[in-house]
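Everything below concerns the one structure shown next.
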Amino acid sequence: MTLRSAFAAALMLVTALPVQAQLKVFACEPEWAALVQELVPDAQLTTATSHLQDPHYIEARPSLIAAVRRADIAVCTGASLEAGWLPMLLERASNPDIQSGRPGLFFAADHAQLHAPHDHVDRSMGDVHPEGNPHVHLSPDQLPEIARALARQLGDVDPEAAAAIQGRYIRWRGDWNRLRSEWRDRAEAIEGQSVVVQHSNYLYLLRWLGVDVAADLEPKPGLPPSASHLSGLLAEPGLADASAILVASYQDPQPAEWLAEQTGLPVIVVPGTVTGDASTETLGGLIGEIIGQLESVRSGATHGSL
């Protein structure tokens, strides 16, 4: 066999091999898309929401229905965060692999201990989740267990890639442990600080940092701040000790700005989830940036917004 014929035969063999299809992933929120990308860098990702959207309320658009129909796995928060739109997507997509109890549906909250669960919930309480606070993606101690469970489930969906996924998880876990150690050292400078918040987006991280919540701009969870509630906040005893007002980038800034005018407190606007910016494109980067904003408040050099 000549060299040319041998090369042609080898080329035919390579081209005859089946091409491994990309894992198609539907992520309800950007934080889970970012985590999937750490574990499966070449995954084909569709994300239902952005950092400029409230994940409680989005429209079940035809494009999202089509994405769920094509997906191998859907990765969501759970704990009723997507209760207003995800069930409709799953029903209309009719993807047999992405159903309750199937490997194709992953809920991060199922692998965490949620704060503030409720035995009884009714509409008079506002937008309260009976399972507990679902915003667990900002819990430095719980995210590794969520990532471990996600790596295992991604491997179940794509067995041929399971070993590689597990290897990436181990590397990610090592990096996360190093970051967590750095955050713990930085937390010493801001421990005991208190802030005003709007909703429970950051409570896992604030508690981990030792930062207290002085007041909430929402009269009840999920209800827009009312004029009467904001006026009442001025009489909150803890407000005098607050160092800043912390709100998410998707929230209406006007209530925070009004309170800032009355109190002189700086307003910090930060993303509630990862973004396309280099500094906050991963969960580690996001947590680091939020800590940096709180450090700036303590030092008197507030950045203002991110």
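The values are calculated or read from the model by the stated rules, or taken from the named source; none is laboratory data. What you see is a predicted model, and the numbers here were worked out from it, not measured in a lab. Ideal geometry is used to build each Cβ from the backbone, glycine not excepted, and the neighbour counts take in all protein chains shown. With ligands, DNA and RNA removed, areas are computed over all heavy atoms of the protein, side chains included. Shrake-Rupley method; radii C 1.70, N 1.55, O 1.52, S 1.80 Å.
Tabulated data for the structure shown
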{"read-out": "Unique match (being buried (at least 17 other Cβ atoms within 10 Å of the Cβ) and either assigned to a helix (DSSP H, G or I) or at pLDDT 95 or above (or both)) among 163, 147", "value": "147"}
{"read-out": "Whichever residue in the stretch 185-209 is hydroxyl-bearing (Ser, Thr, Tyr) and not in a helix (DSSP H, G or I) and, among such residues, is farthest from residue 272 (Cα to Cα)", "value": "194"}
{"read-out": "Filter pass, residue 96 being over 20 Å from the mean Cα position of the chain (by Cα), within 26 Å of residue 165 (Cα to Cα), modelled with pLDDT of 95 or more and open to solvent by 50 Å² or more (accessible area, probe 1.4 Å)", "value": "yes"}
{"read-out": "Residue check for residue 223: touching a residue at least 60 places away in the same chain (Cβ under 8 Å), open to solvent by 70 Å² or more (accessible area, probe 1.4 Å), closer than 18 Å to residue 55 by Cα and under 25 Å from the mean Cα position of the chain (by Cα)", "value": "yes"}
{"read-out": "Verdict on residue 170 being loosely packed, with under 15 Cβ neighbours inside 10 Å, at pLDDT 95 or above and under 21 Å from residue 285 (Cα atoms)", "value": "yes"}
{"read-out": "Which listed residue is touching a Leu at 6+ places or on another chain (Cβ under 8 Å), touching a residue at least 24 places away in the same chain (Cβ under 8 Å) and surrounded by 19 or more Cβ atoms within 10 Å (Cβ to Cβ), from 71, 67, 109", "value": "109"}
{"read-out": "Residue that is most open to solvent (accessible area, probe 1.4 Å) [pool: residues in the stretch 257-283 that are within 14 Å of residue 32 (Cα to Cα) and either touching an Asp or Glu at 6+ places or on another chain (Cβ under 7 Å) or among the β-branched types (Val, Ile, Thr) (or both)]", "value": "282"}
{"read-out": "Residue count, the stretch 1-45 (criterion: modelled with pLDDT of 50 or more, among the aromatic types (Phe, Trp, Tyr) and either assigned to a helix (DSSP H, G or I) or open to solvent by 10 Å² or more (accessible area, probe 1.4 Å) (or both))", "value": "1"}
{"read-out": "Criterion (assigned to a helix (DSSP H, G or I) and either at pLDDT below 95 or within 30 Å of residue 36 (Cα to Cα) (or both)) met by exactly one of 239, 246, 223", "value": "239"}
{"read-out": "Among the residues listed as 244, 256, 240, the single one being farther than 20 Å from residue 192 by Cα and either touching a residue at least 40 places away in the same chain (Cβ under 8 Å) or out of contact with any Gly (no Cβ under 6 Å at 6 or more places or on another chain) (or both)", "value": "256"}
{"read-out": "Where a residue in the stretch 34-50 is in contact (Cβ under 8 Å) with a residue 40 or more places away in the chain and its partner, wherever it lies, is acidic (Asp, Glu) and open to solvent by 50 Å² or more (accessible area, probe 1.4 Å), with Cβ under 7 Å and at least six apart", "value": "34/281"}
{"read-out": "Count of residues meeting criterion [farther than 15 Å from residue 111 by Cα and either assigned to a strand (DSSP E or B) or open to solvent by 10 Å² or more (accessible area, probe 1.4 Å) (or both)] in the stretch 74-85", "value": "3"}
{"read-out": "When residues of the stretch 193-212 are limited to those that are open to solvent by 20 Å² or more (accessible area, probe 1.4 Å) and modelled with pLDDT of 95 or more, the one nearest to the chain's Cα centre (by Cα)", "value": "203"}
{"read-out": "Residue pairs meeting the criteria (Cβ under 9 Å; at least 6 apart or on separate chains; first in contact (Cβ under 8 Å) with a residue 24 or more places away in the chain and among the β-branched types (Val, Ile, Thr), in the stretch 131-147; second surrounded by fewer than 22 Cβ atoms within 10 Å (Cβ to Cβ) and in a loop (DSSP other than H, G, I, E, B))", "value": "136/113; 136/114; 136/115; 136/142"}
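A quick yes/no check of all residues on (1) at positive phi; (2) at pLDDT 95 or above:
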| position | (1), (2) |
| --- | --- |
| 64 | no, yes |
| 68 | no, yes |
| 78 | yes, yes |
| 108 | no, yes |
| 112 | no, yes |
| 119 | no, no |
| 125 | no, no |
| 131 | no, no |
